[in-house]
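I have placed the structure first, in the form of structure tokens, so that the comments after it can refer back to it.
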Amino acid sequence: MCGIVGALAQRNVTGILLEGLRRLEYRGYDSAGVCLSGSNGQLQLRKSQGKVADLEAKLSSDSAEGYVGIAHTRWATHGVPSDENAHPHQSGHIALVHNGIIENHQELRTELEGKGYRFESDTDTEVVVHLIHSLSHKGRSLVDSVTEATRILEGAYALAVVSQDEPDVLACARLGSPLVLGVGIEENFIASDPMALSQVTDRFIFLEEGDVAEVRRNGISVRDHKGEEVSRPVHKLTGGHEATDKGRYRHFMQKEIFEQPKVVAATLAGRIAERSVLTQALGARAQEILPKVEQVQIVACGTSYHAGMVARYWLEDWAGIPCSVEVASELRYRKKVVRPGTLFVSISQSGETADTLAALRQGKDLGYLASMTICNVPNSSLVRESELSLMTEAGPEIGVASTKAFTTQLVALQLFCIALAKINGLSAEREAELVSALHQLPQLMEMFTGLDSVVKHTSEAFAEKNHALFLGRGVEFPIALEGALKLKEISYIHAEAYPAGELKHGPLALVDSDMPVIVVAPNDELLEKLKSNLQEVRARGGQLFVFASPRAGFASEEGVTVVEVPDSPESLAPILYTVPLQLLSYHVALLKGTDVDQPRNLAKSVTVE
Ligand code: G6P
């Protein structure tokens, strides 16, 4: 989704801005642009539909330079991807880039047109630049004009603004979309994600909701939503570097699939003893809050929502605690009844998903016991605004299709569920059993990634397919959903997932010899029921691809391909069976020749509604 980078230095910042944009490419975008201000203060805009490389080519052909600059990758919301709609947008002496959505753009546009402003794009953003321009006058600083504008704008924004009249200032503001300031020596930066700046600084100031900042080479001043000068802490962040390098892998997604043994181990580190979960490792407040939990409401989007669905089985089975799981875009617009003692749990790899964040904020007035987030990005909005946070230690995930972020979410959720179950009567013996399984997880994960070549071979059967059906039962149903999501996201094959028992209530009508049916079949208590469902598929000529443990008793035969996976404890099955499904979609995407890491129309961090 849209990305912002800005810099103010005593050197040409073009390279810094382009490198920043490249680091944000993984989020998904369709055009890019930059505004540079050189020694004469003139604003030079260059924009290009397509990739950052296209913008770079444009810039190198006319060697534009500047000591101050703002840059942007755009993911179209208002107006098609085009050079005109790409940011920055300019109004006279002012230019800006924007992430988010301005909700009152239509009325502002009409008003501004009435004042004589002419619009060149279809974007909501252009309204903002004309608005700031209309508010600026001699004697009013750029940052004051921006502040005035924020009082009129409705919706979500992260803004970075430059002015020809104040060539030594970058003004910025945030509400509902993330923005950080990068602190350098005699140079300062801004970005929508610290990763965009990890080549120039490791010190960051995270702007808070409603903040407006004035950034100069030698200083930064921040005002809060009340207009009062505030001092925001500087955080030192490290470790963003290796994430932006594919190493020996062809794609980030492939690298991230193979990193899973390492990152699940990191998520477990320090949180389990030999036979128990260390509840205190979930944070001091967890010990105070968890005993009061009587019910759990999980909220998430996309892949993270599937993680939440898995957790529901664990919570109800191990802790005996009722749990509801809902996608954030639905929950936030529904009338809710919140029972006393309900813990609000959000799950998010980015920590910035607009719908999830809105659901959390709305939840604050609804009487939840407390809020907790399972998240992969420290200092993200969800982490900062939740009372408890349990970090997944997946490291930055670059592939748009989530892989290691999902499996580490499952690990963190399993720790949380066991911690809650302990308080609600889980026996020490059962806890020891679950924890001993978790100790085996990194090694088992390694064995499951070892299925790569057999899954690659299996993927050939999908190269010509346009549809696929995924089946699972019980806790494997969300894993079937996740398998289908991965396949559609990166190979563009239409894929659906069903609980196998529902087959006969509809999807069976679609099954013929052209329909591959992928089955997640660990050796669990629902195995025999699953086997009967599969007979229903075979009887209609459907092609089965069964991921099963040797003990499940499946054999390959005409119309049935069994991918035998290592035997594993039942409690780990959802985490482990995810891996061959990730590999399957990866290899099918390779055969289809799609853009694996940046699939069309999708974004990594969805900061708009
Ligand atoms: C986007 C990403 C998905 C992710 C979803 C939710 O659609 O492409 O991979 O699952 O957002 O994001 P979150 O950061 O909240 O997990």
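The values are calculated or read from the model by the stated rules, or taken from the named source; none is laboratory data. Model, not experiment: these values are computed from the prediction. Ideal geometry is used to build each Cβ from the backbone, glycine not excepted, and the neighbour counts take in all protein chains shown. When the accessible area is computed, the model is the full protein with side chains, heavy atoms only, and any ligands, DNA or RNA have been set aside. Shrake-Rupley method; radii C 1.70, N 1.55, O 1.52, S 1.80 Å.
Per-residue surface analysis assigns Thr14 an accessible area of about 10 Å², computed on protein heavy atoms at 1.4 Å probe radius. Evaluating 6.51 cos²θ - 1.76 cosθ + 1.60 at θ = phi - 60° for every residue in segment 184-189, the Karplus couplings come out as x, 9, 6, 7, 9, 9 Hz, glycine and proline recorded as x. Amide H contacts under 5 Å for Ser31: Gly50, Arg74, restricted to partners 5 or more places along the chain or on a different chain, H placed in the peptide plane at 1.01 Å from N. Between Lys504 and Asn601, what FRET efficiency follows from the Cβ-Cβ distance if R0 is 45 Å, with the result rounded to 0.05? About 0.85, to the nearest 0.05.
3J(HN,Hα) along segment 550-560, derived from phi through the Karplus expression 6.51 cos²θ - 1.76 cosθ + 1.60 where θ = phi - 60°, amounts to x, 6, 7, x, 9, 9, 5, 7, 3, x, 10 Hz, with x in place of Gly and Pro. Taking 21 Å as the limit for the C-alpha separation, the pairs Lys47/Lys246; Lys255/Lys592; Lys226/Lys335 exceed it in the case of Lys47/Lys246; Lys226/Lys335. Packing, as the average of other Cβ atoms within 10 Å across residues, places the peptides 30-36, 227-233, 303-309 in the order 30-36, 303-309, 227-233, highest first. Only one residue of Ala57, Gly15, Thr110 has its Cα farthest out toward the positive end of the dipole of segment 1-127, where Lys and Arg carry +1 and Asp and Glu -1 on Cβ, and that residue is Gly15.
When ligands, DNA and RNA are left out and all protein chains stay put, how many square angstrom of accessible area per residue does the chain have with a 1.4 Å probe?
38
Ordering Leu315, Gln280, Thr267 by Cα displacement along the dipole of segment 200-353 toward the positive end leaves Thr267 in first place; charges were set at the Cβ atoms of Lys, Arg (+1) and Asp, Glu (-1).
A cut-off of 5 Å between modelled amide H atoms, ignoring neighbours fewer than 5 places along the same chain, links Val296 with Cys323, Ser324, Leu343. Computed over neighbours whose Cβ is under 10 Å from that of Glu431, the net charge equals +1, Lys and Arg +1, Asp and Glu -1.
If you place +1 on the Cβ of every Lys and Arg and -1 on the Cβ of every Asp and Glu, how big does the dipole about the Cα centre of segment 480-609 come out, in debye to the nearest 20?
200
For the set Lys404/Lys504; Lys58/Lys115; Lys115/Lys138; Lys236/Lys292, the pairs lying more than 24 angstrom apart at their alpha carbons are Lys404/Lys504; Lys58/Lys115; Lys236/Lys292. Projecting label points 7 angstrom from Cα along Cα→Cβ for Asp165 and Ala555 puts them 8.4 nm apart.
When the helices of the chain are scored as -39500 (n - 2.57) per DSSP H run of n ≥ 4 and the total is divided over every residue, the value at 222 nm lands at -10500 deg cm²/dmol. Which of rounded, prolate, oblate describes segment 155-313, given a ≥ b ≥ c as roots of the alpha-carbon gyration tensor eigenvalues and a/c under 1.5 marking rounded, otherwise prolate only if a/b is larger than b/c? The shape class here is prolate.
Here the chain is assigned +1 on the Cβ of each Lys and Arg and -1 on the Cβ of each Asp and Glu. Its dipole about the Cα centre then comes out at about 380 debye.
Expressed as a whole percent, the accessible surface of segment 134-266 that belongs to carbon and sulfur atoms is 47, based on a 1.4 Å probe. Using Cβ point charges alone (K and R +1, D and E -1), the dipole size of segment 99-224 about the Cα centre works out to roughly 300 debye. Residues whose amide H falls under 5 Å from that of Gly176, counting only those 5 or more places apart or on a different chain, are Tyr157, Gly210, with hydrogens built in the peptide plane.
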